[in-house]
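To keep things clear, I will list the structure first and then write my remarks on it.
The values are calculated or read from the model by the stated rules, or taken from the named source; none is laboratory data. It should be emphasised that the depicted structure is a prediction, and the values quoted were computed from it without experimental measurement. Cβ sites come from the backbone with ideal geometry, for glycine too, and all protein chains shown count toward neighbours.
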């Protein structure tokens, strides 16, 4: 089942230890329901939603508690039933004061009335996208882009292929792997719903060849489904990057500053497909997700948790830290290549948080940057074909103009260059900062 | 709990600068051993002096210029070791020491240190020594146990040595370059540990042999004589001074091989590897300009 | 692309009009680099160039006023060439050793003067100011050339002004007598000057 | 030896073995702050053209005016004049043939005359006692040597942009030290042609 399909560049992080996935990939998903959830209003890319409940209110499962704001807005739903105990800013992974609603679970799991559309093959196609929006579905692979916006095909555009991203190239994570094994039919249902919504004839489920069982399971589930195929890909990071995936699957390249739809492709994470299926078939909003908890925890696992569950609950459910608490050096939300470090372990899980990895102090200590030796490894590793070595110099010098000329805006912030650099230079960090700076400048120019 | 907040990626390739330099030192050890076997302990003394001088030179330079002392990245040791192996056994101690200091201070330090020099320090130092004190750099002691004080190198009198002699190295020459077997062991080690790619050494030796053949030299003898193999494996592959992109590296290596053949045939020096690689180093920035990778989503050569 | 096309003329002109005396001195030394290998002959060349420079500056200041801006550089080059020729003839007559050392580089005195005199700016200053500047540059140039020649002679042959000053066992570093050594010596000399003047500046600022 | 191979050897000699910048230390002044390969190539072309022309002009001036009139002591002035005329001609040529190029050269090419390689090549030709044809070739090949030198230097200086060169060495000093190392490498050509 191994495959040669891949892109140019890339790296093989933790290749010697099965990309860090060994401890959790054989573990079936367990349910965990928290006593208290803190649901962030800004879990998607775009303006945070506005809370529409007050302290003391009783909410039911799936009841909207946040109203969408702006073009990229999404509703937020209660992930447990119970009493609202707080509405106000909390610390999230990246934002020290993020608006959130805290609900004390009464463990009754009473649902609000739902509007299921029924079978994905027969339901009215024009109601699929509104259902997805109402369910608050956003990309669950990490970027958290509102899914219904991806489906907004503009005048003159069309989509001919939907790619389901099951590559899971990020290290440590196995939540998509487990989902594909345990819920393969729902994933295909979600893909079919998306295809029907836009009248797309071709759906491709792309999976890295280090997950042969998932490829098998998805092939079985896809049998007899119209236009759906499974495509194994070579195991290499960042195989699951949107641009890389589109190139590998369709042979097309997304032109710079354009979107996948400009080359007639939409890419969805497998978890998003499952959420779409839930929204269409059952009318259920997105209130839970599977999260991989691994690293220095006693019992690395995949947990199906309610949105808003604190990370500390996940770690306790996995038997707690396997090293003394003083030796815990870093708790990362996501995988090793792109994950965000948590400021403390009580931050809540959002819709797009696919994993929690615990590092020891020794592993977490920041390596000292040393001079570039011009070995060219970063150039070979860059999946985009940039010259990170030169770009780093320009970014550190603050030269926005020339960094732009060297195509810093095309950087996908995958971390391959920083990973491979023998001088431990923090290339990706510099590029991210420069991208943000240029984007801010552009916004200023417009506004 | 004291959590670090350093940004992604949170894992790093195990190959640090230091590990890479250590790999080169390990790969050079067979050459050192072979040199001692061929020329006796005078060879070891020369190599040690230049290595110690390079390391001390870097240490003192970095301390004087108030930089962070980074001798522990081993790059100065590699430079000194390679320079020592490029000298004749029994070269005066001050010559080896001066070469080591020139390499790390003038060729590297003045430009900013590791990674900032545009030309290979060990080779530039050798060229400096050859220009300044030519009599010591063209005086080749005979291998230990051979009844002569000095002898003609294979390049000066082609055909006087068998292929086996050339390969095993009981011939006059620079300490590190004589034993091709040792160099090949080092080469395999470097390729297996992914320290270097096979590309530059193979392309350079092949190009030199082929061009030499066109100019009337025996290709096997070309490949096995003088410092070609040593230079191709250990010096042309210097990260800092070779092109960074793969197509650039091909052109660089083929060009260096061509220059070796031309120098050996036409110049006053019997050996041209030093100059060939130095000239290739100088063209490397231009090659890097010519051969850039196409950026995803851009037409070839298109600018943002 | 705009930046890449920064006008060539402007670039060279900066070299000709720079106000930085150290840079002007170094640029002036470049044409004579190949022959400045001995302290004595370098001193001679320095003096000859300085004399030519002072004369050229005087005439440059006079003619510069009446020449349109575009014609200043050619006029100054011709003036420099005339005095370089005169200086060369004087050397040939009175100091044949220095003249021989110059060899075919004698005309380069003209180009040296061009840079030392800041050719692009001639005619901007009055005669008095131009003369003072030329004398200053001339003295500086004599010092620089002597230092350059002395350093190269000391390390390249082990002598200074022809006198052996280093122990008998010293083996001269031949490279210093070659162009490669000239570039290196001048570069390092400039670096040392910058370091020293930089330190003085810092001291001045803090005092 | 055929004419062709003689010319080829002369070419190799002028461009590499006796490179006007690295082997004769002439014409370095233009490289102090050259940082872009494109500009360097344009400048090198202009100089090469001017060198060819000034070689011819200086030879003609010497043989047709100075020697017959017994004014050989005015050689330096005459050669300087030849250089100025050559540069002036190249400027006119550039404006006529490639207006865009001329624009990019900043209007006036006159400062190019300050390049000592131009005066140097005229004197070299005279010292070597070349015929007119030899002098023109010497100017052309010497100019190519200058072009090679300035492009290589510009490549190196572009590369050094990212280097942590000490403040006191930035600019001219490090350019001189780089030229020194390149000159060392060019010694490999010794004995060829």
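Could you please let me know if residue D:156 is in a helix (DSSP H, G or I), at the interface with chain B (Cβ under 10 Å from one of its Cβ atoms) and under 13 Å from the mean Cα position of the chain (by Cα)? Answer is no for this residue. When we screen A:355, A:320, A:334 for residues that are away from chain B (no Cβ under 11 Å) and either over 17 Å from residue B:10 (Cα atoms) or out of contact with any helix residue (DSSP H, G or I) (no Cβ under 9 Å at 6 or more places or on another chain) (or both), the only hit is A:320. The set of residues in the stretch B:260-289 that are at the interface with chain D (Cβ under 10 Å from one of its Cβ atoms), surrounded by fewer than 20 Cβ atoms within 10 Å (Cβ to Cβ) and in contact (Cβ under 8 Å) with a residue 40 or more places away in the chain contains only B:265. From the list D:61, D:89, D:81, D:93, the one residue that fits, being out of contact with any strand residue (DSSP E or B) (no Cβ under 9 Å at 6 or more places or on another chain) and either within 10 Å of chain C (Cβ to nearest Cβ) or modelled with pLDDT of 95 or more (or both), is D:81. Consider the stretch D:159-186 and keep the residues that are more than 18 Å from the chain's Cα centre (by Cα) and in contact (Cβ under 8 Å) with a residue 24 or more places away in the chain. The one that is farthest from residue C:187 (Cα to Cα) is D:161.
If the condition is being free of Cβ contacts under 8 Å to residues at least 40 places away in the same chain and either at positive phi or part of a helix (DSSP H, G or I) (or both), then the stretch B:57-71 contributes B:59, B:60, B:63, B:64, B:66, B:71. Does any residue of the stretch C:28-46 turn out to be more than 9 Å from chain D (Cβ to nearest Cβ) and free of Cβ contacts under 8 Å to residues at least 40 places away in the same chain? No, that holds for no residue.
Restricting attention to the stretch B:10-29 and to residues that are farther than 21 Å from residue A:345 by Cβ and at the interface with chain A (Cβ under 8 Å from one of its Cβ atoms), the residue that is nearest to the chain's Cα centre (by Cα) turns out to be B:20. Regarding residue D:61, is this residue without any contact (Cβ under 8 Å) to a residue 24 or more places away in the chain, touching a helix residue (DSSP H, G or I) at 6+ places or on another chain (Cβ under 6 Å) and either outside any helix (DSSP H, G or I) or buried (at least 19 other Cβ atoms within 10 Å of the Cβ) (or both)? Yes.
Taking the conditions exactly as written (facing chain C (nearest Cβ under 9 Å), at pLDDT 85 or above, part of a helix (DSSP H, G or I) and in contact with a helix residue (DSSP H, G or I) (Cβ under 9 Å, 6 or more places away or on another chain)), does residue D:74 satisfy them or not? Answer is yes for this residue. Residue A:435 satisfies every condition listed in (1) more than 7 Å from every other protein chain (Cβ to nearest Cβ); (2) in contact (Cβ under 8 Å) with a residue 60 or more places away in the chain except (2). Just one residue in the set B:38, B:55, B:47 is out of contact with any helix residue (DSSP H, G or I) (no Cβ under 8 Å at 6 or more places or on another chain) and away from chain A (no Cβ under 14 Å); that residue is B:38. In the stretch B:294-301 there is no residue matching the filter, namely being farther than 21 Å from residue B:103 by Cβ and in a helix (DSSP H, G or I). If the condition is being more than 9 Å from chain B (Cβ to nearest Cβ) and more than 27 Å from the chain's Cα centre (by Cα), then the stretch A:396-417 contributes A:396, A:397, A:398, A:399, A:400, A:401, A:402, A:403.
In the stretch B:12-44, of all residues being within 14 Å of residue A:422 (Cβ to Cβ) and free of Cβ contacts under 8 Å to residues at least 24 places away in the same chain, the one that is surrounded by the most Cβ atoms within 10 Å (Cβ to Cβ) corresponds to B:13. Restricting attention to the stretch A:254-267 and to residues that are at the interface with chain B (Cβ under 10 Å from one of its Cβ atoms) and crowded, with 16+ Cβ neighbours inside 10 Å, the residue that is nearest to residue A:153 (Cα to Cα) turns out to be A:263. Scanning the stretch D:159-174 for residues that are more than 7 Å from chain B (Cβ to nearest Cβ), in a helix (DSSP H, G or I) and touching a helix residue (DSSP H, G or I) at 6+ places or on another chain (Cβ under 6 Å) yields D:168, D:172, D:173.
Conditions tested, residue by residue: (1) within 25 Å of residue D:23 (Cβ to Cβ); (2) more than 14 Å from chain D (Cβ to nearest Cβ); (3) buried (at least 24 other Cβ atoms within 10 Å of the Cβ).
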site: C:112; (1), (2), (3): yes, no, yes
site: C:118; (1), (2), (3): no, no, yes
site: C:126; (1), (2), (3): no, yes, no
site: C:139; (1), (2), (3): no, yes, no
site: C:143; (1), (2), (3): no, yes, no
site: C:147; (1), (2), (3): yes, yes, no
site: C:153; (1), (2), (3): yes, yes, yes
site: C:160; (1), (2), (3): no, yes, no
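Per the conditions (1) in contact (Cβ under 8 Å) with a residue 60 or more places away in the chain; (2) within 12 Å of chain C (Cβ to nearest Cβ); (3) not in a loop (DSSP other than H, G, I, E, B), the sole criterion not satisfied by residue D:49 is (2). Consider the stretch C:162-181. How many of its residues are surrounded by fewer than 19 Cβ atoms within 10 Å (Cβ to Cβ) and assigned to a helix (DSSP H, G or I)? Residues in the stretch C:162-181 being surrounded by fewer than 19 Cβ atoms within 10 Å (Cβ to Cβ) and assigned to a helix (DSSP H, G or I): 1 in total.
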